[in-house]
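Below: the structure, in structure tokens.
Just so it is clear, none of the values below were taken in a lab; they were calculated from the coordinates. Since the model is a prediction, treat every value here as computed from it, not as a measurement. Counting neighbours? That spans all protein chains shown, and the Cβs are built from the backbone with ideal geometry, glycine included.
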Amino acid sequence: MAQVLTRPSSVRARLKDYWALTKFLQTALLVVTGVSAYALTAGLPLDPRETLGAAAALYLSVSGCTVLNMLLDKDIDARMERTANRPLPAGRVGDGEALGLGIGLSVVGLLLAFGVDFLFGLLVALGFFFDLLIYTAWLKRRSPLSIVLGGVAGGMPVLAGRTLALGRVDVVGLLLAGSILLWIPSHILTLAIRYADDYRRAGVPAWPNVYGVRPARLFIAGANLLNTLVLMGCTFLLHVHPAARWLLLALGLGMFGFSGVELVRPTARRNWLLFKLASVYMLLSSLLLTVGSLYR
């Protein structure tokens, strides 16, 4: 009886570790940006097959890329207190298992993306290439500017979603991708400030450790201001409902104001809150643009 009860528990634990390797919340957030860009462009009613196909392709390809990133970063994660208990450095998942899972998810996701639409698949594949090979494998250990290339990869789902509905790359799609790039500092640099010692111990040239904490905070505030301007430009080009435009402006100025306060009067608590608010801001921005475009 004991063996029967132990096996399901072991299977659940293993599945939980596999799930952790995909970083579900981060992946889901990128999928939301892609689907939102598709929806605000295509309008209602949405094609259910195309919508679900695009969402699945994005989720699987981003998940697969994330697993492979975790495998490449295993040695870094092992040296950082924040990440040492992740499945790979802790030894709960083997390298071969992670490699198989990452490749499997990636291949299925990319094939599905090209099956939905060739240009859509090309953009998803480009994001995959930038994230895995340019950002993680090449630049992350060499340059604090690696977050710029990471931002390019992060912007590909939203550009792909817009392009899928429109049939071509346009200015709005590029601006939406640029918005993700400008969001990255609030997400990455706040984390790098909080765990500066971890990054130093792991040998990763994080921006705050190379250029200083104050320049990092200044970069965050400047990026938030530019992001607000970019999103305002999108609202005019998309002719979104005025209510959505004003809410987006309020959110953007709120993020800029909060990061400005953190620049002038920094605290560890406020920095961590800014990190958490960044993801909420991206989610709400995507939803407001979508709703404001669909119901204008």
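The mean sequence distance of close C-alpha pairs (under 8 Å, at least 6 residues apart), as a share of the length of region 170-296, puts its relative contact order at 34 percent.
Under the simplified labelling scheme, the Leu263-Leu229 pair shows an inter-label distance of 1.3 nm, with each label point 7 Å from Cα along Cα→Cβ.
Think of the chain as a dipole: +1 on every Lys or Arg Cβ, -1 on every Asp or Glu Cβ, centred on the Cα centre; then among Val124, Val158, Ile193, Ile193 lies furthest on the positive end. For region 65-142, the residue among Met80, Gly115, Leu68 whose Cα projects farthest onto the positive side of the dipole built from Cβ charges is Met80. Computed from point charges on the beta carbon alone (+1 for Lys and Arg, -1 for Asp and Glu), the dipole magnitude for the chain about its Cα centre is near 800 Debye.
For the residues Gly173, Gly96, Gly151, a GNM of the chain with alpha-carbon springs under 10 Å puts the largest fluctuation on Gly96. A Cα-only calculation for region 198-253 places Rg and Dmax at 16.6, 49 Å. Ranking Val213, Ser285, Val169 by Cα position along the charge dipole of the chain, where only Lys, Arg, Asp and Glu carry charges on their C-beta atoms, puts Val213 farthest toward the positive end. Simple point charges give the picture: +1 on the Cβ of Lys and Arg, -1 on the Cβ of Asp and Glu, and for region 170-296 a dipole about the Cα centre of about 360 debye. Judged by the mean number of other Cβ atoms found within 10 Å, the most tightly packed of the peptides 159-169, 240-250 leads the ranking 159-169, 240-250.
Over the chain, DSSP H runs of length four or greater, each weighted -39,500 (n - 2.57), average out per residue to a 222 nm ellipticity of -27000 deg cm²/dmol. In plain terms, the bigger the Kirkwood radius, the slower the diffusion; for region 7-168, with that radius from Cα pairs, at 25 °C and 0.890 mPa s, Stokes-Einstein puts D at 151 µm²/s.
Percent of C-alpha pairs per 5 Å bin in the chain, short distances first: 1, 6, 11, 15, 17, 16, 14, 10, 6, 3, 1, 1, 0, 0.
Placing +1 on the Cβ of every Lys and Arg and -1 on the Cβ of every Asp and Glu, with no other charges, gives region 27-118 a dipole of roughly 180 debye about its Cα centre. Over the chain, Cα pairs under 8 Å with separation of 6+ residues give a relative contact order of 20 percent. Between Leu249 and Arg296, the contour length at 0.36 nm per residue exceeds the Cα-Cα span by 15.3 nm.
With all pairs of different C-alpha atoms in the average, the Kirkwood value for the hydrodynamic radius of region 170-296 is 15.1 Å.
For the chain, the membrane-span-like helix rule (DSSP H, alpha carbon extent of at least 27 Å along the helix axis, mean Kyte-Doolittle at least 0.5) picks out 48-72, 95-116, 146-166, 171-194, 213-238, 242-264, 268-294; this says nothing about an actual membrane.
Taking the inverse of the mean 1/r over every pair of distinct Cα atoms in region 93-217 gives a Kirkwood hydrodynamic radius of 16.0 Å. Applying 1/(1 + (r/R0)^6) with r as the Cβ-Cβ distance of Arg214 and Trp138 and R0 = 35 angstrom yields a FRET efficiency of 0.80.
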